[in-house]
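See structure below.
Just so it is clear, none of the values below were taken in a lab; they were calculated from the coordinates. None of the values given here were measured: they were computed from a predicted structure. Quick reminder, even Gly has a Cβ in these numbers, built from the backbone with ideal geometry, and neighbours come from all protein chains shown.
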Amino acid sequence: MATRDTGQAFEAVARTHLEHAGLRTVALNAGYRVGELDLVMRDGDILVFVEVRYRRDARFGGASLSVTGTKRRRIAQAANLWLASHPREAQRPCRFDVVAIAGDIATPQIEWIRNAFSLDDA
């Protein structure tokens, strides 16, 4: 499976997992010059920007540790651009979550980290 296809497959796994937990999908793969937002979802009144990370195994720290300071800044910048183009949504409280996935597509191990970082961390 090509890298892009693998990424999309695991983003779908993450989206399904979050939807089963009660979140609603607002946008998928919102791309900007500074970066891409994998998922934009709503958890009640809260707007959630979700970064999906996949690693086959936990060598080199696993998926969640791959969300570096640089990556957090890019996600925050993309979120600001998304909010600027969706002014009605910009009034909502926001948070940044990470869904870290390991294993294979048939038996993924999913770790959902709510409030994984804040704008102060980015």
Practice task
Taking the dipole about the Cα centre of the chain, with the C-beta of Lys and Arg at +1 and of Asp and Glu at -1, give me whichever of ALA12, VAL50, ALA76 is farthest to the positive side.
Solution key: ALA76
Practice task
Determine the dipole magnitude for the chain: charges of +1 sit on the beta-carbon of Lys and Arg, -1 on that of Asp and Glu, nothing else is charged, the reference point is the Cα centre, and the result goes in debye to the nearest 20.
Solution key: 280 debye
Fill in the blank from the handout: Charge tally for neighbours of VAL34 with beta carbon under 13 Å away, counting Lys, Arg as +1 and Asp, Glu as -1, is +4
Exercise for the section: Could I get the Rg over Rh figure for the chain? Both from C-alpha atoms, Rh via Kirkwood, rounded to two places. Expected result: 0.95
Handout entry: Burial ranking of peptide ranges 100-108, 35-43 (average Cβ count within 10 Å, highest at the top)
Key = 35-43, 100-108
Problem - Packing rank of 74-83, 17-26, where each peptide gets the mean count of other beta carbons within 10 Å, highest leading - result: 74-83, 17-26
Handout entry: Angle between the chain longest axis and helix 69-85 axis [Cα atoms, degrees, rounded to 10]
Key = 40 degrees
Fill in the blank from the handout: The summed charge of the HIS86 Cβ neighbourhood (under 14 Å; Lys/Arg +1, Asp/Glu -1) stands at +2
Practice task
Determine the calculated [θ] at 222 nm for the chain from helices alone, applying -39500 (n - 2.57) to every DSSP H run no shorter than 4 residues and normalising by the residue count; nearest 500 deg cm²/dmol.
Solution key: -9500 deg cm²/dmol
Handout entry: Separation of the ASN115 and HIS86 label points, Cα + 7 Å toward Cβ, nm
Key = 2.2 nm
Fill in the blank from the handout: Scoring only Lys, Arg, Asp and Glu (+1, +1, -1, -1) among other residues with Cβ under 10 Å from the Cβ of ALA14 yields -3
Exercise for the section: Measure nothing fancy, just the Cα-based angle from helix 3-20's long axis to the longest principal axis of the chain, in degrees from 0 to 90, nearest 10. Expected result: 70 degrees
